[in-house]
1. Taking the stretch A:326-360 as the region of interest, how many residues are in a helix (DSSP H, G or I), charged (D, E, K, R) and closer than 17 Å to residue A:264 by Cα?
2. Sort out which residues of the stretch B:72-95 are in contact with a strand residue (DSSP E or B) (Cβ under 8 Å, 6 or more places away or on another chain) and either more than 13 Å from chain A (Cβ to nearest Cβ) or closer than 21 Å to residue A:74 by Cβ (or both), and write them in order of number.
3. Can you tell me how many residues in the stretch B:45-62 are surrounded by 15 or more Cβ atoms within 10 Å (Cβ to Cβ) and either under 12 Å from the mean Cα position of the chain (by Cα) or in a loop (DSSP other than H, G, I, E, B) (or both)?
4. Does the stretch A:259-304 hold any residues that are exposed (fewer than 15 other Cβ atoms within 10 Å of the Cβ), among the polar types (S, T, N, Q) and part of a helix (DSSP H, G or I), and which are they?
5. Can you name the residue in the stretch A:338-352 that is surrounded by 11 or more Cβ atoms within 10 Å (Cβ to Cβ) and among the charged types (D, E, K, R) and is also nearest to residue A:321 (Cα to Cα) among such residues?
6. Which of the residues that make up the stretch B:72-90 are in a strand (DSSP E or B) and small (Gly, Ala, Ser)?
7. Of everything in the stretch A:43-61, what is surrounded by 10 or more Cβ atoms within 10 Å (Cβ to Cβ) and within 11 Å of chain B (Cβ to nearest Cβ)? Give them in sequence order.
8. What's the number of the only condition in (1) within 11 Å of another protein chain (Cβ to nearest Cβ); (2) in a helix (DSSP H, G or I); (3) modelled with pLDDT of 90 or more that residue B:69 fails to meet?
Amino acid sequence: MYCLSEKQIDYILKDISARGVEMESLQLNLHDHICCIIEQNLEENGDFESFYQKTIKTFYKDELWEIEEETLLLLTYKNYYAMKKIMILSGIYSATAFILGSIFKIMHWQGASFFIFTAMICSSLIFLPLYFLFKTKETEEKGKKIIIAVGTFNGILFCISSLFKIMHWPGSHILWLMTIGLLGLIFIPLYFFSGIKKPENKTNTIATTIILIIVAGFFFALTSLKSSKHVYISKSYHYLQNEELINRMKQMKKDTTVQTKELIKLSNDINNACVKIKGMIINSELGQSIIPNDFESKNLWLEECGLDREFIPGEVGFNLVVDLKDKINQYNTLVKIPSKIIPIENSLVKMTDDKILGFSNYNLLNHLTQIQMFILQNER
Amino acid sequence: MNYSSELLKGTLKTIVLKLLADNKKMYGYEITQRVKELTLDKIQITEGALYPTLHSLEADGFVTTETEFIGKRVRKYYSLSPTGKTKTKEKVSELADFMETMKFLLDIKTKTT
């Protein structure tokens, strides 16, 4: 049994450190381990140096610090690779699905909602939380960790509020304001004041803060530019007033004696088509074909937006509108009295078919209401 | 015969936990020697595998450590924590079950002498 001198014990510890093992607890482990091997296996007057060199080589394949690397891998990055892979894949999916969803939405193709919905859910529930996890592992500073946490939360809130906005779900406006509020009032100041303290980060912090303020301001402008719910409530009331007017006109005694059977049938067809198209427009937004009288308390007002995919060429809504235009033209040829002709200048009838999709929902509703009113007026 | 490191990798935690359960407290070198002794040199745990595993078990809270000075050097003793004791039982029964399944899967006949 070999007896190690204090000098040799110190030498071994220094050598372990020099070979790149930095973790103190691991250094101590290896130090004691090697000392034990030498004490147990080296003969009393054996050659310490050569035995030590031979022994230490059995600890690793290429370098001693491999053990520390393996330890760190096990400690810090449990499931590291799988998580990183999931993060990257979820990020790629979110970005791709969001772009595809946006294109589908603009083109009024089917599946837009699916892409946007899954993109937002994927980024807010998988990508951003994992990104937060990796980012916080990179830093030891508590302050930095807090900023990353607030930033991630802000990102998640941004995704959720965008999703609510795109899907027209209730509460989207409040969520959107909360996102901008958190960004402008908490995240940006927090980021700015923590970064500005360090001289090496000063310029970078100022530049990034300016960009963030521009982004926050841009989002805020977008929110303010969009009509508030009061405008939509008022528009919905106007629509209901017009509907009431149509009903009252219908109840009036009709004078159809001067009209031919063909004309009566045409006017009925036109009216029915108008009711049907209106129902489709409202249904695509509210999930029901009429705006109820108590829409305000039920949060069911109609927001102004583009027409749904039912109105793209070839679809039911589009065909109904084309058919309606045709019927109005027939009506105008049959009706002999010039004062009873439905004016077509600057109206739906004069527009080419490819312009139909360019209408907003309220725009088309107004056109249809006017057509109904002209017909009813002719029958008084 | 020495077993491949791939085979040992999945069982090392269980081996270490079981040894600690049977021996109260042990230090690294002692663990490698005990394994060697019990398996008649068939299993030789390398330092490169043992210490990362011990650190990982410590981080998981399954083992606790205490240090002792042996002259000029420090020795770290490992012992099971209460959660480690429960974990050991789980791990050992899991491995036993796994071995049964492997026997069945690979159609290994147990020697009857």
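1. Just the residues of the stretch A:326-360 that are in a helix (DSSP H, G or I), to begin with: A:326-334, A:338-340, A:348-350, A:353-358.
Right, trim to charged (D, E, K, R) and you get A:326-327, A:340, A:350, A:353-355.
From the residues that got through so far, the ones that are closer than 17 Å to residue A:264 by Cα too are A:326-327, A:340.
So the answer is 3.
2. Of all residues in the stretch B:72-95, those in contact with a strand residue (DSSP E or B) (Cβ under 8 Å, 6 or more places away or on another chain) come to B:74-81, B:84, B:88.
B:76, B:77, B:78, B:79, B:80, B:81, B:84, B:88 - these are the residues of the stretch B:72-95 that are in contact with a strand residue (DSSP E or B) (Cβ under 8 Å, 6 or more places away or on another chain) and either more than 13 Å from chain A (Cβ to nearest Cβ) or closer than 21 Å to residue A:74 by Cβ (or both).
3. As a first pass, look at the stretch B:45-62 and keep what is surrounded by 15 or more Cβ atoms within 10 Å (Cβ to Cβ): B:45-58, B:60, B:62.
Subset that is either under 12 Å from the mean Cα position of the chain (by Cα) or in a loop (DSSP other than H, G, I, E, B) (or both): B:45-46, B:49-51, B:53-54, B:57, B:62.
Within the stretch B:45-62, residues that are surrounded by 15 or more Cβ atoms within 10 Å (Cβ to Cβ) and either under 12 Å from the mean Cα position of the chain (by Cα) or in a loop (DSSP other than H, G, I, E, B) (or both) number 9.
4. A:268, A:272, A:283
5. Looking only at the stretch A:338-352, we keep the residues that are surrounded by 11 or more Cβ atoms within 10 Å (Cβ to Cβ), and these are A:340-344, A:347-351.
Add one more test, that the residue is among the charged types (D, E, K, R), and what stays is A:340, A:350.
Details: A:340: 22, A:350: 12 Å.
Across the stretch A:338-352, the extreme among qualifying residues is A:350.
6. Step one: list which residues in the stretch B:72-90 are in a strand (DSSP E or B), which gives B:73-80.
B:79 - this is the single residue of the stretch B:72-90 that is in a strand (DSSP E or B) and small (Gly, Ala, Ser).
7. Of everything in the stretch A:43-61, those that are surrounded by 10 or more Cβ atoms within 10 Å (Cβ to Cβ) and within 11 Å of chain B (Cβ to nearest Cβ) turn out to be A:55, A:56, A:58, A:59, A:60.
8. Looking at each condition in turn, residue B:69 falls short on (2).
The values are calculated or read from the model by the stated rules, or taken from the named source; none is laboratory data. Nothing here was measured: the structure is a model prediction, and the numbers come from that model. FYI the Cβ positions are ideal-geometry reconstructions off the backbone, even for glycines, and counts take in every protein chain you see.
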